[in-house]
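Trainee: Encoded as structure tokens, here's the structure I'll be asking about.
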Amino acid sequence: MKRRELLRAGAVASAGFALAGRIPAVAARVAESAAAPGLSTADRAIVAAIAPVMLAGALPAEAQRRQAAVQQVVAGVSQLVAGLPPHLRKEVGELFVLLDLAPARRFLAGVSQPWPEASPEEINAFLERWRDHPVPLLRSAYLALHDMIIGAWYALPESWPAIGYPGAPKLR
Amino acid sequence: MTIRDPIRDGLARGWKVTHASTLTDDLAIECDVAIVGTGAGGGVTAEILATAGLDVVMIEEGGLHGSDDFKMREGGAYPALYQESGSRKTLDKGINILQGRSVGGSTTVNWTSSFRTPPETLAFWQSRFGLAELGEAQMAPWFEHMERRLGIAPWPVPPNENNAVLARGADKLGLSHALIRRNVRGCWNLGYCGMGCPTNAKQSMLVTTIPAALDRGARLLTRTRVDALRWRAGRIEAIDARAMAANGVDPGPQRITVRARHYVLAAGAIGSPAVLLRSRAPDPHRNLGARTFLHPVLISAALMPEPVNGFQGAPQTVYSDHFLHTAPIDGPLGYKLEAPPLHPVLFGMTVQGFGKTHAELMRQFTHTQALLALVRDGFHPESDGGRVGLRNDGSPVLAYPLRPVFWDAAKRALLTMAEIQFAAGAKQVVPVHEQGVLHSSWAEAREAIRRLAFEPLVARVVSAHVMGGCGMAATPEQGVVDATGRHWQLENLSVHDGSVFPTSIGANPQLSIYGLTARNASRLAAALTGRSAVPIS
């Protein structure tokens, strides 16, 4: 993308975040997700799709253990979101609602298929694009996903052997 | 060896503690002094006023957690003990702010680094804000007093490798450095200060001043959020507060009213200005919430040939102030160098990138060393900090624009840290920055760091020191409170916390808050009782 296109995408993104909250059905979903403890089913599907890419090289290689780890990360993110104050729950809710809207997913994130069917390559490209995006709002959205997913993984003792962290010392 | 939880013991012997989330009815309370917040300022104030015989009520939004609850697990500690679960950020999300939120405030989770307010900072306050009474000699007895009270002393154990790298690299480059004093008694050298001290060695407010106040009959309301101070004709009449719901983050239905002769705000920078903003407190000169400072921090990570295990041992024991003294205090921004403890969640979240590059870096976690540079903001004319405002729901948010004078310091700081790390024997160094990659030599790192983009959400910037927003000054035109913490417009209100600092401190701020609060709370006790205050040590 050229810089001008990126800027246009950024304008769309900013408008998207603001507008998404004004579409009644979307507003209802944001309100619902802000009120519910943790992630909605749709939010969970998005995290489950992004986590294996965000954590590529960190999750277990074996398929079944890998799937279990992804589910633990999803549960961890959900628990994290549930413990946030209302204004942050609302922001996270807006991010996931936006990512779940097909046009936003397609044109803003550049992911052509619904999240569960999206290829790791497309998701990887999405994360790289937002990480380096000229629009600060999208960089902050990338960082939110980064921090939530990576934070949830490294909070799990299952992640520690690979990095050599022994866990807390025994006190007695 | 069994560790006794002093909180559990205190509750068993009858401390008057109300967990407001368990209330089934509204509550109305009367007392001599109501203190909002239980961190460094609130804790010291509570002990001094209770010792003077005053009837004290402490109000805390967070929960009451003791050593039995401190499990040294990041996943549980951050949501329970930090503002916004550790993910508090500035308005544009450009700076991550670590700030405490439980009984004891940030003192429950800080890394024990103890510095007196630097003399050059006090001198600047004297010349710029007319704070003539706050000279080095006048403040020294108050710092000595709090150092005795909190066991602040040189730490006799050799630094862990994470800190030793700073000393070694600084030596090689001829940079001055020294050891950090700590507020601990009988410390086990574990390295988990940031998750609540599991052995009660850290002399936080949670295990010192607050138990002392409660033992003297003070009351404590936890899970209680102050909505506003009700005031009329220049006097506060009551505090309107609300019980938090059981989850600790949503407001619950019960209302709490506290009436007192005098009120002390000690909700921390961000928290205290927010209470005053919600109260629509008089602010004729637009000082409220302004000049809020963060010591914005840059981080540099290094891969060392030998294990570092940065999660083990006292987290901060070595510092260098070399780069605070290379220019005039109001010239190009200086920075203090220290080492941060490394734990998987916080390090994993802070370090840039994702997927294979991130996983590769994490695999070298035990050999990773990190340095931090905290930039001294608030002295240069173009470093005027941020402003605290309110969201629609009344929660506070800090707008802190990162200006060119800061980015200039940020670049110099990343360069300095990489040079020190290579001098100390690092195999590779990676600036913590979205464009940062591993470099194998100082020459290569130097060229790359010079080319990095310095802008928000590209350079990673964090903060653990929030200061200002209710600044003190000799005149109401320049500040929110006077040199003793008394509010310029509301006569029965004092502010006792880091929010009164008119600039950043230029050092980890806990002892600055303790010392100034000891002074101001002693004066307040004398004014309220008509006798001079009883010394507390």
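The values are calculated or read from the model by the stated rules, or taken from the named source; none is laboratory data. Note that the coordinates shown come from a computational prediction; the quantities given were computed from them, not determined experimentally. Backbone-built Cβ (ideal geometry, glycine too); neighbour counts: all protein chains shown.
Trainee: Given the condition touching a Gly at 6+ places or on another chain (Cβ under 8 Å), away from every other protein chain (no Cβ under 14 Å), surrounded by fewer than 24 Cβ atoms within 10 Å (Cβ to Cβ) and part of a loop (DSSP other than H, G, I, E, B), answer yes or no: does some residue in the range B:83-93 qualify?
Mentor: no
Trainee: Hey, another quick one. Give the residues of the range B:9-26 that are charged (D, E, K, R), part of a loop (DSSP other than H, G, I, E, B) and more than 17 Å from B:Arg225 (Cβ to Cβ), sorted by residue number.
Mentor: B:Arg13, B:Asp25 - these are the residues of the range B:9-26 that are charged (D, E, K, R), part of a loop (DSSP other than H, G, I, E, B) and more than 17 Å from B:Arg225 (Cβ to Cβ).
Trainee: Sticking with this structure for a sec: I'd like the residue in the range A:31-61 that is more than 14 Å from chain B (Cβ to nearest Cβ) and farther than 18 Å from A:Ala144 by Cα and, out of all such residues, is modelled with the highest pLDDT.
Mentor: Filtering the range A:31-61 for residues that are more than 14 Å from chain B (Cβ to nearest Cβ) and farther than 18 Å from A:Ala144 by Cα, the one modelled with the highest pLDDT comes out as A:Thr41.
Trainee: Can you tell me how many residues within the range B:269-286 are in contact (Cβ under 8 Å) with a residue 60 or more places away in the chain, out of contact with any Gly (no Cβ under 6 Å at 6 or more places or on another chain) and in a loop (DSSP other than H, G, I, E, B)?
Mentor: Of the residues in the range B:269-286, 6 are in contact (Cβ under 8 Å) with a residue 60 or more places away in the chain, out of contact with any Gly (no Cβ under 6 Å at 6 or more places or on another chain) and in a loop (DSSP other than H, G, I, E, B).
Trainee: All but one of (1) away from every other protein chain (no Cβ under 14 Å); (2) touching a residue at least 12 places away in the same chain (Cβ under 8 Å) hold for B:Gln312; which doesn't?
Mentor: (1)
Trainee: Out of all the residues in the range A:151-162, is one or more facing chain B (nearest Cβ under 10 Å) and over 30 Å from B:Glu306 (Cα atoms)?
Mentor: Scanning the range A:151-162, I find no residue that is facing chain B (nearest Cβ under 10 Å) and over 30 Å from B:Glu306 (Cα atoms), so the answer is no.
Trainee: Across the range B:396-429, what is the total count of residues that are within 14 Å of chain A (Cβ to nearest Cβ) and either touching a helix residue (DSSP H, G or I) at 6+ places or on another chain (Cβ under 7 Å) or under 19 Å from B:Thr368 (Cβ atoms) (or both)?
Mentor: 1
Trainee: If you don't mind, another one. Got a number for residues in the range B:472-495 being within 16 Å of B:Arg232 (Cα to Cα) and in a loop (DSSP other than H, G, I, E, B)?
Mentor: Of the residues in that region, 5 qualify.
Trainee: Of everything in the range B:50-82 that's part of a helix (DSSP H, G or I), more than 9 Å from chain A (Cβ to nearest Cβ) and hydroxyl-bearing (Ser, Thr, Tyr), which residue is nearest to the chain's Cα centre (by Cα)?
Mentor: Per the stated criteria, the residue is B:Ser67.
The rows are residues; the columns are (1) in a loop (DSSP other than H, G, I, E, B); (2) modelled with pLDDT under 95; (3) within 25 Å of the chain's Cα centre (by Cα).
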| residue | (1), (2), (3) |
| --- | --- |
| B:Arg148 | no, no, yes |
| B:Val157 | yes, no, yes |
| B:Leu166 | no, no, yes |
| B:Leu175 | yes, no, no |
| B:Gly186 | yes, no, yes |
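Trainee: Right, another one. Would you please list the contacts, defined by Cβ atoms under 9 Å and residues six or more apart or on different chains, that run from a residue in the range B:380-393 that is outside the structural domain of B:Trp125 (by TED's automatic domain parsing) to a residue that is among the basic types (Lys, Arg) and part of a loop (DSSP other than H, G, I, E, B)?
Mentor: B:Glu382/B:Arg403; B:Ser383/B:Arg376; B:Ser383/B:Arg403; B:Asp384/B:Arg291; B:Asp384/B:Arg403; B:Gly385/B:Arg291; B:Gly386/B:Arg291; B:Arg387/B:Arg291
Trainee: Give the residues of the range B:362-395 that are surrounded by fewer than 22 Cβ atoms within 10 Å (Cβ to Cβ) and either in a strand (DSSP E or B) or within 14 Å of another protein chain (Cβ to nearest Cβ) (or both), sorted by residue number.
Mentor: Passing the criteria: B:Arg363, B:Gln364, B:Thr366, B:His367, B:Arg387, B:Gly389, B:Leu390, B:Arg391, B:Asn392, B:Asp393, B:Gly394, B:Ser395.
Trainee: For A:Leu127, work out the one condition from (1) crowded, with 18+ Cβ neighbours inside 10 Å; (2) over 22 Å from B:Lys93 (Cβ atoms) it doesn't fulfil.
Mentor: Among (1) crowded, with 18+ Cβ neighbours inside 10 Å; (2) over 22 Å from B:Lys93 (Cβ atoms), the lone unmet condition for A:Leu127 is (2).
Trainee: Something else: Going through A:Phe107, A:Phe96 one at a time, which residue ends up being in a helix (DSSP H, G or I), among the aromatic types (Phe, Trp, Tyr), more than 8 Å from chain B (Cβ to nearest Cβ) and surrounded by fewer than 16 Cβ atoms within 10 Å (Cβ to Cβ)?
Mentor: A:Phe107
Trainee: Oh, and also: Which condition number in (1) within 22 Å of the chain's Cα centre (by Cα); (2) outside the structural domain of B:Leu333 (by TED's automatic domain parsing); (3) of a type in the set (D, E, K, R) is the one that B:Glu477 fails?
Mentor: (1)
Trainee: Can you tell me which residue among A:Trp153, A:Trp130 is within 16 Å of B:Gly355 (Cβ to Cβ), assigned to a helix (DSSP H, G or I) and in contact with a Lys or Arg (Cβ under 7 Å, 6 or more places away or on another chain)?
Mentor: Among A:Trp153, A:Trp130, only A:Trp130 is within 16 Å of B:Gly355 (Cβ to Cβ), assigned to a helix (DSSP H, G or I) and in contact with a Lys or Arg (Cβ under 7 Å, 6 or more places away or on another chain).
Trainee: Mind telling me which of the residues B:Thr121, B:Thr112, B:Thr117 ends up being under 28 Å from B:Trp155 (Cβ atoms), touching a Cys at 6+ places or on another chain (Cβ under 7 Å), away from chain A (no Cβ under 14 Å) and polar (S, T, N, Q)?
Mentor: B:Thr112
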